[in-house]
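Below: the structure, in structure tokens.
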Amino acid sequence: MRASRGRTARVVLRALVVAALGVGVLGALVGVVFAGSPARVAEGVTIAGIDVGGLTGAEARTLLEQRAARVARIPVVFTVGEQRFPIKATTLGVEADWSAAVTSALSEGGGFAPVRGYKRLQTRFLGTEIEPSVHAYTAALDYKLGQLATAIDRGHVEARLVRRGLAIAVVPGQVGRTLELDPAAAAIVRALAQLDRNRPVPLPVSIDPVDVTATDLASAARQARIAFSAPVRLISEETSWKLPRWRLAELIALPSGSSLQLSIAGPKADAWFARLRKNVERPPVDARFTTSAGVIEIVPSKPGLEIDVPTTAESLLAAAVSPPSESAQGRTARLTLVTSEPELTTADAKGFGIERRLGTYTTLNAGTYNRITNLRRAIELLSGALVAPRGTFSLNDRVGPRTLERGFLPAPVIIRDEYDEAVGGGVSQVATTVFNAAWESGVKIVERNPHSLYISRYQLGRDATVNYPDLDLRFVNDTPKWILVAASWDGGSITVSLYGGGPERRIESGEATMRITGPPRIRRTPDPTIERGTEFVEEEGSEARITSVTRTVYDDAGRVLHDETWNTSYRGEYRIVRVGTKPKPERKPKPEPKPKPEPKPRQEPKKPPSTTEPRPEPPPAATQTVPEDPPVESIPAVPAFEPGTTPRL
């Protein structure tokens, strides 16, 4: 039994081996049958979309090169939505490596005959696409991508409401898109390497969706239509205003951007509220100080009224979106007013501690109409300045630039040690007045610039000049209370006073001294109207000099607060000398005397012959010679001034 089973197993095994060998032989035969020639490309292989199966390597390369040359100038159409962009391979310098592609295609059917046969069977039925390696001109490709991006890229546009007259329309949004540069570059090069130009090629883009759609704006569109359907009445306790439909259309701003709500906003709404505020509001009045004869008083402040614009706008919008079918009260808005406080209240002014006059100073008017106008304009700007304890007063900061637009006029000034004219001339007299008021008040003066020339109408050594913005007059409030700078003018002078509080101070001013430090500087000016050698002194000029004055400030206990010496150097004014350059007249030569003609002898008239005896002739008369005129002497011209003298005008 066992021997029988063993023989059966061997028979089965032998049959299986024989069958396997048969299958192997059959398979090898099949592989050999379909192996084909290794010199030809397997059937089913395509390169760049062109079937090259059954061709030799040379034939395939020739076919591909001929097809590539034929389509090189035929553009491939690339698309993004409805936009079309034709591009030629020659434009970007796109070239395929056909030799390498053919070599790769031959390897698809390579190997030993049976193996090659099976590989070719697979290629025949399943197909194989070979993509050739492609090279492009990088600069040209980047430039073309930039052009495409400019034409394709766009940001998304939100849906919006638009008003046409009083009608409302909804404009749908538009998605945004951006060209994906790297994938697009690969797609362009790959498509241009293909030899098929019949199909458009889509370019890869990324989509930027909208945030606000037309559906999102449906509610706002409905409210806007209601708002513009009927007028609205705005009421206050004293009056009311009717806002017609066209006015509501100007005031109500439609949603924009990511907003979905109506609002009262925009330039026209701002302008309307500004006009309403002029008619309704009452500005607050600050507390102020008045002075008279050294006494200071406080004029109380007054509160004002102003519109609460946000609350009023909210009430207007609520009334506008109320349907007209409801009661009349539904389309009525209320004007909301609130109290506005002044910047300086009466309590604040009292808290400043300004109780008395600390010091005062007056200077007299001098100069032209323009100069006096500048004095008064600067006084107006100066008066009312408040200086906090430990604060610094600056005349330039308070008065500001001296310009025509701000009311200043051209007037004499000192520029580079000489008198000239400029806008704002005369403000230095205000600076001198403020300087002396601060001097007499005993406060700390931290910046003072004297005039470069001595001016006799000012107190000796106590003048000051300013020039915006570099030369300033400044003092520090070193008292414990605020200081008020009060300034005024009348028909003949200007006055500046400082008011404040705290312990009283005593000021001792030393008598100023002055000494001459040099003669006038001389400036000679050629004058062609004066004869050479002659000089005239047109202006005498002045000597350079130096002054010194002291100030000592004591507190109420007699302690010294400030002990100062103010030294001032003044340059002399130029002595102006006119020097003649006109040539002297030339002397005329003495004329030669003309010779006097000799007198001709007189001829006696012939007498008729006498019948009588001739009378004896008288003796001949003596001949007299007339003397010639003496020669005229040349008188030299006498100069108007003796040489060496210097006449003065």
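The values are calculated or read from the model by the stated rules, or taken from the named source; none is laboratory data. This structure is a prediction, so every number in the text was calculated from the model and none was measured. Here Cβ is always computed from backbone atoms with ideal geometry, including for glycine, and neighbour counts include all displayed protein chains. SASA here: full protein model, heavy atoms, side chains in, ligands and nucleic acids out. Shrake-Rupley method; radii C 1.70, N 1.55, O 1.52, S 1.80 Å.
Observations, loosely collected:
- Members of the range 284-311 that are out of contact with any Phe, Trp or Tyr (no Cβ under 8 Å at 6 or more places or on another chain) and either within 30 Å of Ala249 (Cα to Cα) or among the polar types (S, T, N, Q) (or both): Thr290, Ser292, Ser301, Leu305, Glu306, Asp308, Pro310, Thr311
Yes/no per residue for (1) modelled with pLDDT under 60; (2) open to solvent by less than 100 Å² (accessible area, probe 1.4 Å); (3) farther than 30 Å from Val549 by Cα:
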position: Tyr574; (1), (2), (3): no, yes, no
position: Val577; (1), (2), (3): no, yes, yes
position: Gly580; (1), (2), (3): no, yes, yes
position: Pro595; (1), (2), (3): no, no, yes
position: Pro599; (1), (2), (3): no, no, yes
position: Ser610; (1), (2), (3): yes, yes, yes
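- Tabulated pairs, the range 171-187, first closer than 24 Å to Val210 by Cα, second open to solvent by 60 Å² or more (accessible area, probe 1.4 Å) and among the basic types (Lys, Arg), C-beta under 6 angstrom, 6+ apart or interchain: Val171/Arg160; Gly176/Arg154
- Considering the range 193-220, and only residues there that are among the charged types (D, E, K, R) and under 30 Å from Val71 (Cα atoms), the residue that is least open to solvent (accessible area, probe 1.4 Å) turns out to be Arg197.
- Only a single criterion out of (1) in contact with a Ser or Thr (Cβ under 6 Å, 6 or more places away or on another chain); (2) more than 30 Å from Leu276 (Cα to Cα) is not satisfied by Leu335, namely (2).
- Any hit, the range 422-441, residues being among the acidic types (Asp, Glu) and without any contact (Cβ under 8 Å) to a residue 60 or more places away in the chain: no
- Total residues in the range 145-170, condition farther than 23 Å from Ala249 by Cβ and touching a residue at least 60 places away in the same chain (Cβ under 8 Å): 3
- Those residues of the range 63-77 which are under 23 Å from Ile130 (Cβ atoms) and open to solvent by less than 70 Å² (accessible area, probe 1.4 Å), in sequence order: Leu63, Leu64, Arg67, Ala68, Val71, Ala72, Val76
- Scanning the range 355-380 for residues that are out of contact with any Gly (no Cβ under 6 Å at 6 or more places or on another chain) and within 18 Å of Lys481 (Cα to Cα) turns up Arg356, Gly359, Thr360.
- Going through (1) open to solvent by 60 Å² or more (accessible area, probe 1.4 Å); (2) of a type outside the set (A, V, I, L, M); (3) modelled with pLDDT of 90 or more; (4) part of a helix (DSSP H, G or I) one by one, Arg190 falls short only on (3).
A quick yes/no check of all residues on (1) in contact with a Lys or Arg (Cβ under 8 Å, 6 or more places away or on another chain); (2) without any contact (Cβ under 8 Å) to a residue 60 or more places away in the chain:
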| position | (1), (2) |
| --- | --- |
| Gly502 | yes, no |
| Ile507 | yes, no |
| Glu511 | no, yes |
| Glu535 | yes, no |
| Glu539 | yes, yes |
| Ser548 | no, no |
| Asp555 | yes, yes |
| Leu561 | yes, no |
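- Qualifying residue in the range 36-44 (condition: at pLDDT below 75, surrounded by 13 or more Cβ atoms within 10 Å (Cβ to Cβ), more than 60 Å from the chain's Cα centre (by Cα) and of a type in the set (A, V, I, L, M)): yes
- Filter pass, Glu538 being in a loop (DSSP other than H, G, I, E, B) and modelled with pLDDT under 90: no
- Criterion violated by Asp527 - all others in (1) at pLDDT below 95; (2) part of a strand (DSSP E or B); (3) open to solvent by 30 Å² or more (accessible area, probe 1.4 Å) satisfied: (3)
- Subset of the range 143-159 that is in contact with a Gly (Cβ under 7 Å, 6 or more places away or on another chain) and charged (D, E, K, R) - its residue that is least open to solvent (accessible area, probe 1.4 Å): Glu158
Results for (1) within 30 Å of Gln429 (Cα to Cα); (2) in contact with a strand residue (DSSP E or B) (Cβ under 9 Å, 6 or more places away or on another chain), shown as yes or no for each residue.
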residue: Leu317; (1), (2): no, yes
residue: Ala333; (1), (2): no, yes
residue: Leu337; (1), (2): no, yes
residue: Thr345; (1), (2): no, no
residue: Glu355; (1), (2): yes, yes
residue: Thr363; (1), (2): yes, yes
residue: Asn374; (1), (2): yes, yes
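- The strands (runs of 3 or more DSSP E) found wholly in the range 401-519 and carrying at least 3 residues that are at pLDDT 95 or above, open to solvent by less than 30 Å² (accessible area, probe 1.4 Å) and within 29 Å of Phe289 (Cα to Cα) occupy 483-489, 493-500.
- Some residue of the range 312-329 being surrounded by fewer than 19 Cβ atoms within 10 Å (Cβ to Cβ), within 30 Å of Arg505 (Cβ to Cβ) and of a type in the set (A, V, I, L, M): no
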